[in-house]
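S.K.: So that we are looking at the same thing, I have put the structure below in structure tokens.
The values are calculated or read from the model by the stated rules, or taken from the named source; none is laboratory data. What you see is a predicted model, and the numbers here were worked out from it, not measured in a lab. Note that we place each Cβ from the backbone using ideal geometry, even for glycine, and neighbour counts take in every protein chain shown. Ligands, DNA and RNA are stripped out before the accessible areas are found, and what is left, the full protein with its side chains, is counted by its heavy atoms. Shrake-Rupley method; radii C 1.70, N 1.55, O 1.52, S 1.80 Å.
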There are 2 protein chains.
Amino acid sequence: AADLPNLDLFPRDEVCFQGQKVAMVAAEDPDLAEDALALIRVRYEVLQAVVDPIAGMAADAPEARLGAPTRDCRDEQGRPRRNVVGYSELVEGDVARALAEADVVVESEYRIPYFHQTYLETSCATARPETNGRVTVWTSTQGTFAIRDQVAGALHIPHGRIRVIGTQVGGAFGGRNDVVLACYAALMALRTGRPVKAVMKRDEEFLDSSPAPGCVVRLKTGARSDGTLTALEGRIVWEAGWAGGADGPERLRALYRVPNLRLEGYGVRTNKPTPGAYRAPGAIQTAFARESNLDQVAAALGMDPVELRLRNALGPGDLSLAGKPLERDWLRETIRRTAEAAGWGKRRLGPHQGMGIACAEWTNWSGPTNAAVTVAEDGSVSLLTGQVDITGLHTVLAQIVSEELGVPVEKVRVSLGDTDMVPYTVVSAGSLAAYTAGTAVREAACRARERILRAGAEFLQTEEEVELVQQQVRVKGDPSRAVGLAALAASVHWKPEGPLSGHRVLGWVPPHPSFSVHVATVEVDPETGRVRLLDLVAGQDVGRALNPTLVEGQLQGGAAQSVGLGMMEGYRYGEDGRLLNPNLLDYAIPTAMDLPAIRTVLVEEPCSDGPYGAKGVGEPPIIPGAAAVANAVHAAIGVRITELPITPERVLAALGD
Amino acid sequence: AADLPNLDLFPRDEVCFQGQKVAMVAAEDPDLAEDALALIRVRYEVLQAVVDPIAGMAADAPEARLGAPTRDCRDEQGRPRRNVVGYSELVEGDVARALAEADVVVESEYRIPYFHQTYLETSCATARPETNGRVTVWTSTQGTFAIRDQVAGALHIPHGRIRVIGTQVGGAFGGRNDVVLACYAALMALRTGRPVKAVMKRDEEFLDSSPAPGCVVRLKTGARSDGTLTALEGRIVWEAGWAGGADGPERLRALYRVPNLRLEGYGVRTNKPTPGAYRAPGAIQTAFARESNLDQVAAALGMDPVELRLRNALGPGDLSLAGKPLERDWLRETIRRTAEAAGWGKRRLGPHQGMGIACAEWTNWSGPTNAAVTVAEDGSVSLLTGQVDITGLHTVLAQIVSEELGVPVEKVRVSLGDTDMVPYTVVSAGSLAAYTAGTAVREAACRARERILRAGAEFLQTEEEVELVQQQVRVKGDPSRAVGLAALAASVHWKPEGPLSGHRVLGWVPPHPSFSVHVATVEVDPETGRVRLLDLVAGQDVGRALNPTLVEGQLQGGAAQSVGLGMMEGYRYGEDGRLLNPNLLDYAIPTAMDLPAIRTVLVEEPCSDGPYGAKGVGEPPIIPGAAAVANAVHAAIGVRITELPITPERVLAALGD
């Protein structure tokens, strides 16, 4: 830090969490760098750590970061809370009166720990200084421009001096939205005048990347005896880590009509890494609380959990969380079809077996994207986009080009343009990529088709209407007058309009909510507390499945992660703030051995804005699984686990109670 | 060849010239490959070589390529000519009658040898097989798509399976238009499944790349005593090498009005490499003959060579070689201003000193090109183009963006898109690059500016007229209401229209002729025959010099090459077809020691189509220099050298005559 008086890359006086970078060493090989690292001595004075967010916001808590600004907040006794960095409140109707008038009221507290994206390859960045004062960065990322922005901001250099080239992504889940190493590599490259490569080890990933935040949620729901929800009072306390903020509490309502609300959201500074995005950020934790609590309401009412959800679900015309009226009965349709596929109410269950349902909502993001389509002389097609390829995106984009131009998908190739080559492009995240880039690609391909038809008519010297079929431009109704796409492409290069191409830049496509529903069937061993997942049906309102195999893969992958969060994963901290499980041995994630074959239900009721009616599909499948498992455990053995993950120890403890 | 039954990469039975590739070896290092090469034994039966094109077309000449098809042509005695592969004729008026009626008739024969582009770096290509069956090729080239076309054609694979990435060009001059090694590297990569790099040695460059063809020209010009040209009869015999064709004879007229013509062009197969493009292909050789012959006409008439040229020059409304009426008096203006700058008729000359003038015409090419302009959040601008950067092209394109958007040129960066990223783009050759790509870039930047103004008006919430000045969008007449370009760029990303960008694809910009005029002043040592170039003024009709320094550099570099061809360069063959000077020791090119400071005259009379009135400038300066030197030598010592290069030996021999 002393060497970089104007930059905030290293702490100056206070290290706020285990794993925080305090110095940087580069050498010609990693062994030499390790040896050099060993020569750096840091003396720490150990302060008291803030590990639990509830304890951390108490009036007598230690400061997680000495002298850092906090938000003025008072506790019930009017004493100033400590370490609060964010607060927001959402009030509708009169929640106190509604709770007083409710036929049943259910209140519980839920706890979710930090958890990690555990992408396949660890973070890496390579930076090369250029002779013109610029720096080129290669990194695996969800958004090359996001990296450019963040490197520019961190190093205080203009955006135009940075070129970011995205490499293949081996796993992202939101963890590749943000700079992890690129600004360090770029800085070292600019300082040394030499190329620099930086790669994380797995323990470093756990300690200092951008995991999902933990939180503590308190929910109180009121309902009439017919199952109509009337009141929701809640408080979510987000762990902000050492430098984060706080999400709002809106998602605690999300996908149900509740006329009276009072929801509070806190962000509390702790001695942990700054949390970031993990697939459906904010939604997983809130869904666990909300869907667990809703199941408790159903139990209190003696009502079927599916019935309760159908009664309160948002329907056509209701405003979504994003404030937009729903076009169709997407949520109820997804609940019904998923429950049916799972055999809800019909499946014969053995002893200690139970079924649980949970629902989720995600409104996809949108943002700037671009597409340039061009036809080569062999009739094949190139697509250039700035949209990073994750979870098969480029395959889907190739399909869209194929669909619009009628060329086989194998003849479409997709290239990722770097930050010097394409206009600003949003991260491939938030379930926006196929939705938004797919729209741009479709429109670019349409423009290319218009150009093809114009060129074809000129080639055929006709004023009659022409059509593009079977890779030919033909006079409509006279297929004998035709020119092949390859021959046409080769013929136009030297015409004034030039090559066959189409181009589209856009900044925003109006989003729609997508809904997902999981039904889990479990068997619990009352001797060991072990929960075995017998069946998981993942249903989703996908609008239109552009590539059903990839969409099913999304649903299965998301559900697997959701089950992992429900049953295995989570950061475990000692009281001193040390992370106890920063490795894939102690931080378990589900493998094929832990999972049944996840069955999927694709509900295809198109929305009006996405390409061919498609909605964003990436996020929703990770959200409801943990709650579905908790609800199934309750159905199986009658105990309610309110803290994730649902480990054998917790089940046994609950049974003991 | 036996291993590649369907490909024509290696000769099957007959090797047609020294240096022809007969086999290919790849190894993990060059030494190993050399050792392996030494194990290949080839037994040759030596046949009689065709070295001289005139002898080669004689009825009793040996076949340069056994059994290869030739064109049916008869000699003056009606006997079938041998080895003729191309013939064309251009007839206008009645040349026999015009010659008979002329006051003077001058006839001569001129000889020009093969010569080489001698680009700085030798040819190279690296190919990598991709997992999807594609192959990526990196090569220094003037046109990535030209390479893609040629690899596709040579290997019989679809264009879409090849990706060509252009690397920096260290010298081209037409010699990088064509595949030299890329198809061999690509083939070997596809066969071995491994990356392959191939690099030429300098002697291999001379022996088997694509040098400029030699030729023998016979010209007979008739004129009236007032200097008006009335008749031109000519025959040009081009060396086609072992597999080439023939250029037409039109350039023998080029830039003068001659009402009666008969021009013949032959292509004759020889046992030499296939010739290719060298800066102003075809124009250099014809200009040497034409401009020498014209000087002889002036001498015969006792007329000033400048005066003769001014009298017969094409002027406004006259059709250029490309069939287009000249818009302005470009040629005469260039002759006048160049002659004036050189001190024509005024400079005091010593003994054995003389001045010579020569003129040239080049109509630039055009073809498909593209440009995509986008503004970053710091107000800097990116340009993506498929147009390969030679001789400062990308600098000029950056200037055009700078001009249109009013951002400093340092804030504009230019990227070369590869064949997967941009629409088909023509080679950077034929003086088309700044002319054509510059037009596309200007139009793309104009579209970006329109978008900027629209976004700026929206940002400023005004319906009043706005303007883009000093990197701000401002309300016209009220500079206090303004938004900076950087802030504006950052603000629009999430608006429906998205980032600030502009895009243009085009296929053709109507070309215009450009004229160049050289005036050389030489001193000849009658004892040694050595010609010393005292002064060279290179004038050129450039339309508008987009970057005067670069344009001057073009003029000086071209003039240096022209002088090299005039005084030093040229392939020398033995009678057996062996090249005697395949290296830069025996094939001399001019260095700074051989040249005076070349003075330039930029004639800026805009044409109506090029960007800002600019014309193509690359080719014209290489054309007239050799003839100007020959004419100056004649002026100095009264002897006419008709064969290039003008070596001391030839001067001495001519003096001896």
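S.K.: Can you give me the orientation-averaged projected area of the convex hull built on the Cα atoms of region B:29-127, in nm²?
M.R.: Averaged projected area of region B:29-127's Cα convex hull equals 13.3 nm².
S.K.: Using a simple spin-label model with points 7 Å from Cα along the Cα→Cβ vector, what separation in nm is obtained for A:VAL199 and A:GLU465?
M.R.: 5.9 nm
S.K.: Still on this structure, please answer the following. Please compute the Kirkwood hydrodynamic radius over the protein assembly as shown, one decimal place, Å, based on all pairs of different Cα atoms.
M.R.: Taking the inverse mean of 1/r over all distinct Cα pairs, the protein assembly as shown comes out at 35.7 Å.
S.K.: Not counting ligands, DNA or RNA, and with a 1.4 Å probe, what is A:VAL381's accessible surface area in Å² rounded to the nearest 10?
M.R.: Spelled out: A:VAL381, probe radius 1.4 Å, area about 0 Å².
S.K.: In nm, to one decimal, how far is the modelled label at A:ASP31 from the one at A:GLU450, with both set 7 Å along Cα→Cβ?
M.R.: 6.3 nm
S.K.: I need two numbers for region A:196-302: Rg to one decimal and Dmax as a whole number, Cα atoms only, in Å.
M.R.: Rg and Dmax of region A:196-302, Cα atoms, are 17.2, 65 Å.
S.K.: Also, quick follow-up: Hey, can you grab everything whose amide H is under 5 Å from the amide H of B:LEU232? Only 5+ residues off in sequence or another chain; H modelled, so Pro and N-termini drop out.
M.R.: Under 5 Å from the amide H of B:LEU232 lie the amide H atoms of B:GLY222, B:ASN260, B:LEU261, B:ARG262, each far enough along the sequence or on another chain.
S.K.: Can you sort B:ARG74, A:ARG253 by solvent-accessible area, 1.4 Å probe, largest first?
M.R.: Result of the area sort, largest leading: B:ARG74, A:ARG253.
S.K.: Turning to a different aspect of this structure: Would you mind giving the average projected area, over all directions, of the Cα convex hull of region B:53-185 in nm² with one decimal?
M.R.: Directional mean of the projected Cα hull area for region B:53-185 stands at 13.5 nm².
S.K.: Continuing with the same structure: Leaving out ligands, DNA and RNA, calculate the buried accessible area for the pair A and B with a 1.4 Å probe, summed over both sides, in Å² to the nearest 100.
M.R.: 3100 Å²
S.K.: Hey, what's the per residue convex hull volume over the C-alpha atoms of region B:316-418, in cubic angstrom?
M.R.: Normalising the Cα hull of region B:316-418 by residue number yields 193 Å³.
S.K.: Where in chain A are the DSSP H helices whose C-alpha atoms run 27 Å or more along the long axis and whose mean Kyte hydropathy is at least -0.5?
M.R.: What comes out of the filter, once short or polar helices are dropped, is A:438-459, A:548-567.
S.K.: Continuing with the same structure: With only alpha-carbon atoms in the gyration tensor, what are the semi-axes of the equivalent ellipsoid for region B:378-433, in Å, largest first?
M.R.: One finds semi-axes of 21, 14, 8 Å for region B:378-433.
S.K.: Per residue, how many Å² of accessible area does the protein assembly as shown show with a 1.4 Å probe?
M.R.: 39 Å²
S.K.: Can you give me the solvent accessible area of B:VAL217 with a 1.4 Å probe, rounded to the nearest 10 Å²?
M.R.: 0 Å²
S.K.: Compute the orientation-averaged projected area for chain A from the convex hull of its Cα atoms and round it to one decimal in nm².
M.R.: 33.8 nm²
S.K.: How much of the calculated P(r) for region A:498-657 lies past 21 Å, in percent of all Cα pairs?
M.R.: Counting every Cα pair in region A:498-657, those more than 21 Å apart make up 55 percent.
S.K.: I need the fraction of alpha carbon pairs in region B:244-322 separated by more than 15 Å, rounded to a whole percent.
M.R.: 65 percent
S.K.: Pairs A:LYS495/B:LYS615; B:LYS201/B:LYS615; A:LYS201/A:LYS272; A:LYS220/A:LYS272; B:LYS21/B:LYS201: which are spaced more than 25 Å apart, C-alpha to C-alpha?
M.R.: B:LYS201/B:LYS615; A:LYS220/A:LYS272
S.K.: Towards the positive end of the charge dipole of region B:311-418, with charges on Cβ (+1 Lys, Arg; -1 Asp, Glu), say which of B:VAL414, B:GLY356, B:PRO325 has the farthest Cα.
M.R.: Projecting each Cα onto the dipole axis, the largest value belongs to B:GLY356.
S.K.: Would you mind computing, in nm to one decimal, how far apart the modelled labels at A:ARG530 and A:LEU9 are, each placed 7 Å from Cα along Cα→Cβ?
M.R.: Between A:ARG530 and A:LEU9, the label points sit 4.9 nm apart.
S.K.: Give me the percent of DSSP beta bridges within chain A that run antiparallel, rounded to the nearest 5.
M.R.: Here the antiparallel bridges make up roughly 75 percent for chain A.
S.K.: Same structure, new question: Only loop residues by DSSP count here, and only those with at most 13 other Cβ atoms within 10 Å; note down the GluC sites (Glu not before Pro) in region B:446-541 that meet that.
M.R.: Here the sparse-neighbourhood loop sites are B:GLU463, B:GLU464, B:GLU465, B:GLU527.
S.K.: I've got another one for you. Could you pull out every residue, at least 5 positions away or on a different chain, whose amide H is within less than 5 Å of the one on A:VAL407? Hs are placed 1.01 Å off N in the peptide plane, and Pro or chain starts have none.
M.R.: Distant-sequence amide H within range of A:VAL407: zero hits.
S.K.: May I pose another question? Can you figure out the FRET efficiency of A:ASP586 with A:ASP60, using R₀ = 35 Å and their beta-carbon distance, to the nearest 0.05?
M.R.: Efficiency, rounded to the nearest 0.05: 0.60.
S.K.: Counting Lys and Arg as +1 and Asp and Glu as -1, each charge on the Cβ, what is the dipole of region B:515-567 about the Cα centre in debye, to the nearest 20?
M.R.: About 180 debye.
S.K.: Got the B:LYS476 label distances to the other copies yet, label 7 Å along Cα→Cβ, in nm, shortest first?
M.R.: Nearest to farthest, the other copies are at 4.3 nm.
S.K.: Shifting gears a bit: What's the carbon and sulfur percent of region B:84-127's accessible surface, probe 1.4 angstrom, rounded to a whole number?
M.R.: 49 percent
S.K.: For the protein assembly as shown, give me the percentage of DSSP beta bridges that are antiparallel, rounded to the nearest 5 percent.
M.R.: 75 percent
S.K.: Rounded to the nearest 0.05, what FRET efficiency is calculated for A:ALA341 and A:GLU307 with R0 set to 25 Å and r the Cβ-Cβ distance?
M.R.: Calculated value: 0.90.
S.K.: Right, something else. In chain B, which residue puts its Cβ closest to the axis that turns chain B onto chain A, and how many whole Å away is it?
M.R.: Nearest to the symmetry axis by Cβ: B:HIS503, 2.
S.K.: Shifting gears a bit: Of B:ALA26, B:VAL268, B:VAL519, which is farthest towards the positive pole of the protein assembly as shown's charge dipole, taken about the Cα centre with +1 and -1 on the beta-carbons of Lys, Arg and Asp, Glu respectively?
M.R.: Going by the Cα projections, it comes out as B:VAL519.
S.K.: Still on this model: Which residues' amide hydrogens lie under 5 Å from the amide hydrogen of B:ARG481, considering only partners 5 or more residues apart or on another chain, with H built in the peptide plane?
M.R.: B:VAL475
S.K.: Sticking with this one: Put the label 7 Å from Cα along Cα→Cβ for A:LEU580; what are its distances to the other copies, in nanometres, shortest first?
M.R.: Result, one decimal in nm: 9.1.
S.K.: Counting only DSSP beta bridges with both residues in region B:315-448, what percent are antiparallel, rounded to the nearest 5?
M.R.: Approximately 50 percent, going by the DSSP bridge assignments.
S.K.: Carbon and sulfur together cover what percent of the accessible area of region B:299-442 at a 1.4 Å probe radius?
M.R.: On region B:299-442, the fraction of accessible area on carbon and sulfur atoms equals 49 percent.
S.K.: Given an 8 Å cut-off on Cα distances and at least 6 residues of separation, report the relative contact order of chain A as a percent.
M.R.: It rounds to 15 percent for chain A.
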